[in-house]
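Below is one structure, written out as structure tokens; comments come after it.
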Amino acid sequence: MQRARIHALVSMSLLAVLFTVTGCTTESDEPAPTATPETPDDTPSPTETDEQSESPTTATVELDQYGVAAAHPEAVAAGMQILEQGGNAVDAAIATGFAISVVEPYASGIGGGGATLLAGPGIEPTGYDYREVVAENGSIPASGTGVPGMVHGMATLHEEHGSLEWAELLAPAIDLADGGFEVTELLAQRFRNDWGPASIEGLEHFHNGSQPLEAGDTLIQQDLAATLTTLAEDGADAFYTGSIADQLTQVDGLDAETLAEYETDNAPPVRGQFGDYEFVSAAPPLPGAAVIQQLQIAESLGVAEAEPGSAEYIDRTSQAWATAKNSVFTHFGDPDFVDVPTDLLTDPEANAEAAQAAAEVAPSVPPKGERPEVQAGNTTHITVVDSEGLTVSMTNTLTSFWGGNESEYVGGFFLNDQLSRFEAIETQANQPEPGRKSVSWSAPALVLDDQQRVVMGIGTPGGRTIPNILTSVMVPWALQDAPLQEAIDAPRHSLQDGVLAVEQEPTQEVRDLIDQRDWELQTTTRADAVFGSVQALEIDYDDASVIGAKDSRRDAEFAISDVQD
């Protein structure tokens with residue numbers, strides 16, 4: 001009781017610093033927030049967004065290299081093929097996004113949605129949100145399926161920034177679906193775990209006889225190839241008003257009116273100082289501002305002096321996340337419907353003061369017996385850098401693996417369960433209504449230097465662990481001068497509801513911290529897929545090079561090539 005009372009007082013202190021008024025929240029995820037309604041008229045008009053995307057500088061960049069990072073080698077090859085054909089980073093990201101949906105059918109696809117950031121010489125950081133929305137009738141089906149936005153998002157990116165023909169960008173994905181590819185160990189695991197068995201039941205091409213395909217088998221998806229071919233030939237309209245829409249309207253929760261009216265949102269990203277850099281990430285209802293808040297508080301708590309994986313490091317980053325998580329569960333919602341105080345949440349001075357209060361008490365935890373295990377997190381991430389310095393950071397998802405256990409399979413692809421996030425993050429600021437998007441955990445990001453140049457694109461799958469995964473990479477890279485590969489290899493942890501998930505058996509020092517904080521330990525394995533797979537590319541302007549790193553936690557890959565004269 002005494003600990004809960006202290007935590008309540010500290011929460012009040014933190015929010016006073018940020019000039020907000022909320023109740024106390026704990027790791028039980030049941031806050032009682034207050035949201036301020038906002039009319040859709042307050043969102044930027046297309047003219048305002050266009051003005052924001054124009055950079056004040058006209059400086060050009062010529063790199064000697066270009067690269068793609070994604071969660072599967074075949075998807076990376078698709079993106080590199082487009083760059084080698086003369087496409088830019090946006091073209092390559094679109095091609096990679098379609099290709100990854102073929103080779104990772106459980107993680108993303110045209111039945112889902114996503115968010116993308118891009119920036120480069122002459123282009124200020126620009127954001128796009130093409131995630132799922134509640135149908136016009138306001139109802140959420142049992143499956144949690146919302147109107148998919150990925151196809152519209154890719155088409156919008158192509159229209160505004162692409163250079164090659166639309167059909168060229170789908171060609172690699174069509175080839176992969178029609179010709180097949182080798183099943184990886186991770187894909188074979190997903191066939192057999194969580195929602196996999198129920199999702200692929202009755203779908204013969206995912207099986208060899210009565211058993212799911214195994215690693216080394218070939219997966220051919222002819223129905224998906226046909227759907228992608230339709231998109232290539234007829235454009236994105238086929239999905240929202242054409243032949244594919246006719247199939248989608250047979251699914252509970254999807255209707256012709258909502259499909260036809262779907263629009264990708266221009267979503268100017270949030271920004272905040274971290275070390276010598278500026279961290280740029282996705283706008284609400286995605287958690288970019290919370291990631292920045294966690295980074296700034298952790299920095300103020302002195303995490304730069306702590307060794308990654310040590311008790312001190314885990315404690316400080318967990319204290320920072322407790323405050324940032326409180327912000328998500330108190331303030332975050334669709335900005336077309338509620339005000340989210342992102343300027344305050346990303347203010348380094350306010351977060352430095354918040355850090356002092358956070359350091360005075362450990363995050364409160366639910367009683368033992370009421371603490372669920374940290375679960376595997378879905379999504380996929382893509383980062384692309386072209387030879388002119390244009391950088392794309394793209395996160396796409398079905399939400400849960402396979403879109404959950406009740407999602408439909410239509411036209412060779414799985415539909416999402418994104419609208420289930422209204423229930424999973426059930427706060428006053430995150431309530432469903434027609435056209436509304438839910439709070440979720442995708443956080444594509446860019447990192448800028450003191451000259452406002454992009455020096456990194458970064459992102460990861462991982463569901464609710466995404467903010468902690470990004471923090472685990474950014475702290476050693478930005479504050480401790482670790483090389484990118486070393487930062488990605490650094491140990492990861494995530495504190496959720498009093499359960500500390502780690503990747504390896506903890507030291508005695510960490511065990512003592514767990515006992516002191518009254519946490520429970522969860523040691524994960526690679527097969528658990530808890531800690532994502534960071535896809536990052538770094539730009540070194542001194543030698544005009546691109547630097548990549550491979551995250552061995554999943555089927556990650558990157559490729560970098562020299563520019564040919």
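The values are calculated or read from the model by the stated rules, or taken from the named source; none is laboratory data. This structure is a prediction, so every number in the text was calculated from the model and none was measured. Cβ placement follows ideal geometry from the backbone for every residue including glycine, while neighbour counts extend to all protein chains displayed.
The residues on offer are 481, 512, and the sole one that is under 21 Å from residue 299 (Cβ atoms), outside any strand (DSSP E or B) and not basic (Lys, Arg) is 481.
For residue 299, the test of being within 28 Å of residue 118 (Cα to Cα) and under 20 Å from the mean Cα position of the chain (by Cα) is failed. With the requirement that a residue be modelled with pLDDT of 85 or more and loosely packed, with under 12 Cβ neighbours inside 10 Å, what does the range 49-63 give you? Passing the criteria: 60, 62. Restricting attention to the range 311-365, the residues that are farther than 25 Å from residue 437 by Cβ and either among the hydroxyl-bearing types (Ser, Thr, Tyr) or in the same structural domain as residue 432 (by TED's automatic domain parsing) (or both) add up to 4. From the list 254, 231, the one residue that fits, being hydrophobic (A, V, I, L, M, F, W, C), out of contact with any Ser or Thr (no Cβ under 8 Å at 6 or more places or on another chain) and within 20 Å of residue 132 (Cα to Cα), is 231.
Here are 245, 238: which of them is in contact with a Ser or Thr (Cβ under 9 Å, 6 or more places away or on another chain) and either on the phi > 0 side of the Ramachandran plot or aliphatic (A, V, I, L, M) (or both)? Within the list 245, 238, the selection yields 238.
Would you mind finding the one in 116, 156 that is touching a Leu at 6+ places or on another chain (Cβ under 7 Å) and among the polar types (S, T, N, Q)? First the steps, then the outcome.
Values: 156 fails: touching a Leu at 6+ places or on another chain (Cβ under 7 Å).
Exactly one residue qualifies, and that residue is 116.
When 163, 199 are checked against the criterion of being under 28 Å from the mean Cα position of the chain (by Cα), in a loop (DSSP other than H, G, I, E, B) and either in the same structural domain as residue 240 (by TED's automatic domain parsing) or modelled with pLDDT of 95 or more (or both), a single residue qualifies: 163.
Quick one: which helices (runs of 4 or more DSSP H) sit completely within the range 244-333 and have at least 2 residues that are of a type in the set (Gly, Ala, Ser) and buried (at least 23 other Cβ atoms within 10 Å of the Cβ)? I'd like the intermediate steps shown before the answer.
Working: elements: 256-261, 288-300, 311-331.
Where helices (runs of 4 or more DSSP H) fall fully within the range 244-333 and carry at least 2 residues being of a type in the set (Gly, Ala, Ser) and buried (at least 23 other Cβ atoms within 10 Å of the Cβ), they are 288-300, 311-331.
The residues of the range 105-149 that are in a loop (DSSP other than H, G, I, E, B), surrounded by 23 or more Cβ atoms within 10 Å (Cβ to Cβ) and not small (Gly, Ala, Ser), listed by number, are 105, 106, 110, 130, 131, 132, 134, 145, 148.
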